[in-house]
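The values are calculated or read from the model by the stated rules, or taken from the named source; none is laboratory data. What you are looking at is a predicted structure, and each value in this text was computed from that prediction instead of being measured. Backbone-built Cβ (ideal geometry, glycine too); neighbour counts: all protein chains shown. Ligands, DNA and RNA are stripped out before the accessible areas are found, and what is left, the full protein with its side chains, is counted by its heavy atoms. Shrake-Rupley method; radii C 1.70, N 1.55, O 1.52, S 1.80 Å.
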Amino acid sequence: MKLKILLIDDEVSILETLEMFFTEKGHQVFKAETGERGFALFCEHLPDIAIIDIHLPDSNGLEILTRIQNEGHLTKVIMITAYHDMETTIQAMKSGAFDYIHKPLDVDLVEEAIQRVTSMLEAEQVKLNDLPKPKNSNPDLIVGKSEQMRKIFKTIGLACQKRTTVLIQGETGTGKEVVARVIHRNSLYKNEPFVTLDCSSVVPSLIESELFGHMEGAFTGASRTQKGKIELAGNGTLFLDEIGELAYEVQGKLLGFLQRHEYMRLGGQETLKSNCRILAATNRDLFGMVNRNEFRRDLFYRLRVVIIQLPPLRERLSDIDELVDHFLQKINLKLHSGILHVQDGVLERLKAHQWPGNVRELENVLVEAVVQTRGSVLLLDDIDTILCRYLQTEEIEGGPCSLDNMEKEHIRKTLDALNWRRTEAAQRLKISMPTLRSKIKKYNIKPSDGESYH
């Protein structure tokens with residue numbers, strides 16, 4: 001891609017070196033030794049890239065950066081400086097700089113920055129994956145068109161009609177609380193409170209008080225009478241998250257409430273009534289806990305009137321396209337960002353990841369990518385870097401992992417993301433084709449989908 005590059009620096013040697021470097025690569029170069037002259041050239045030629053020194057004889061490079069940003073052109077600005085101070089770096093990135101490079105200039109770093117700019121410019125010209133304008137800012141939205149999700153939507157629709165208890169099961173990060181909120185929002189009691197109690201975040205000695213409330217003086221520190229979550233829920237919904245962590249001795253009291261809709265505050269004598277609906281969620285195997293006498297069998301069967309089993313993201317990878325659209329709209333609204341679409345290959349790379357953290361992990365990855373991007377497109381390289389870091393963290397947390405295994409997995413994921421286009425994979429991995437072929441043979445790497453690519 002032929003670029004128009006503007007150089008603004010008062011060091012003639014740097015201007016000449018960069019001009020020669022870029023001209024040899026076929027780019028058109030404009031150069032200036034002062035800020036005012038550089039800004040005039042910017043207005044005249046509207047370059048794709050501007051490389052600006054922080055300290056100029058007539059102005060501060062950050063001022064020129066701001067003036068360029070205010071013009072509204074999509075020029076990517078790379079700031080350079082001989083000073084390694086934190087505040088200037090932070091200010092440059094806050095002001096919209098695409099990158100920040102220190103002197104003495106490393107040609108490899110400059111070329112790497114230019115390649116990133118080129119990828120961004122090329123991606124911004126591709127509109128194949130354009131996102132629609134935000135049409136729903138509701139965070140409690142379940143996204144998916146896979147067969148598993150369509151069945152879940154039907155079950156949710158049926159569960160909304162009755163005030164029965166619902167047990168929502170699924171791995172961490174699959175969206176259990178979102179499902180609970182959707183059930184509540186579509187019920188006849190949607191205008192009543194929706195109250196949440198995370199059973200794993202309250203110490204066992206206080207869980208009974210949190211659930212049923214307590215009277216003044218009921219225990220040390222109980223300086224006043226306090227309502228419990230059941231009372232606060234009123235005629236609405238009480239969502240008990242991580243129900244598998246509920247203390248065994250409190251399980252019997254919860255069962256009594258579910259049977260009679262009556263309870264007493266801790267330390268109280270008065271019997272109180274409540275019509276609140278109980279929705280419970282867990283990432284644990286409650287049936288297995290019942291068999292190990294870790295969870296009451298009678299409470300388990302009382303909770304499982306309706307069961308919603310949420311699949312892990314790795315079992316519904318076809319939903320990733322729609323999930324990415326949804327999360328980017330949500331992130332754009334929340335962070336006031338302007339990500340329009342993702343670069344070709346990003347969706348394939350996301351589908352090659354195992355997603356142990358499920359939908360929540362996908363959202364976190366996209367938030368990190370949006371924060372780091374300096375344009376309107378999420379680049380494949382940025383997504384790949386983030387996912388590789390997640391992979392390394394998972395392996396460290398999961399136990400020792402050899403360098404060979406890490407290299408094998410990284411090469412396999414890269415090949416899968418590029419549909420086993422080996423030439424492109426070798427370029428992305430920055431190794432030669434013979435080296436790639438050698439490593440594929442060494443590690444016996446095969447496509448994840450079982451297909452054969454030649």
Give segment 173-205 a look and list any residue that's more than 20 Å from VAL306 (Cα to Cα) and out of contact with any strand residue (DSSP E or B) (no Cβ under 9 Å at 6 or more places or on another chain), or say none.
-> GLY173, ASN191, VAL202, VAL203, PRO204, SER205
Does ASP48 meet the test of being closer than 24 Å to MET1 by Cβ, among the charged types (D, E, K, R), buried (at least 18 other Cβ atoms within 10 Å of the Cβ) and in contact with a strand residue (DSSP E or B) (Cβ under 6 Å, 6 or more places away or on another chain)?
-> yes
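Which fully enclosed strands (runs of 3 or more DSSP E) of segment 188-290 have 1 or more residues being aromatic (Phe, Trp, Tyr) and open to solvent by 10 Å² or more (accessible area, probe 1.4 Å)?
On the way: elements: 194-198, 237-241, 277-282.
Here the list reads 194-198.
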Just one of the numbered conditions (1) assigned to a helix (DSSP H, G or I); (2) over 19 Å from PRO312 (Cβ atoms); (3) modelled with pLDDT of 85 or more is not true of ARG360; which one?
-> (2)
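Closer than 23 Å to ILE142 by Cβ and touching a strand residue (DSSP E or B) at 6+ places or on another chain (Cβ under 8 Å) - does that describe any residue in segment 353-366?
Taking segment 353-366 as the starting set, the residues that turn out to be closer than 23 Å to ILE142 by Cβ are 353-366.
Then keep just the ones that are touching a strand residue (DSSP E or B) at 6+ places or on another chain (Cβ under 8 Å); that gives 366.
Looking for residues that are closer than 23 Å to ILE142 by Cβ and touching a strand residue (DSSP E or B) at 6+ places or on another chain (Cβ under 8 Å), one finds at least one in segment 353-366, hence yes.
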Does LEU328 satisfy being touching a residue at least 60 places away in the same chain (Cβ under 8 Å), surrounded by 21 or more Cβ atoms within 10 Å (Cβ to Cβ) and under 12 Å from the mean Cα position of the chain (by Cα)?
-> yes
If you check every pair at least six apart or on different chains, which have Cβ atoms under 6 Å apart with a residue in segment 148-168 that is under 16 Å from ASN235 (Cβ atoms) first and a residue that is among the hydrophobic types (A, V, I, L, M, F, W, C) and open to solvent by less than 20 Å² (accessible area, probe 1.4 Å) second?
-> CYS160/ILE183; THR165/ILE278; THR165/LEU303
Give LYS2, LYS31, LYS76, LYS94 a once-over and let me know the one that is within 28 Å of HIS336 (Cβ to Cβ), open to solvent by 70 Å² or more (accessible area, probe 1.4 Å) and basic (Lys, Arg).
-> LYS94
Hey, can you tell me all the residues within segment 336-364 that are aliphatic (A, V, I, L, M) and touching a Phe, Trp or Tyr at 6+ places or on another chain (Cβ under 7 Å)?
-> LEU362
Only unsatisfied item for LEU211, checking (1) closer than 24 Å to ASN283 by Cα; (2) at pLDDT below 90, is (2)
Is there any pair linking a residue in segment 308-320 that is acidic (Asp, Glu) to one that is surrounded by fewer than 21 Cβ atoms within 10 Å (Cβ to Cβ), with Cβ under 6 Å and at least six apart or on different chains, and which?
-> ASP319/SER146
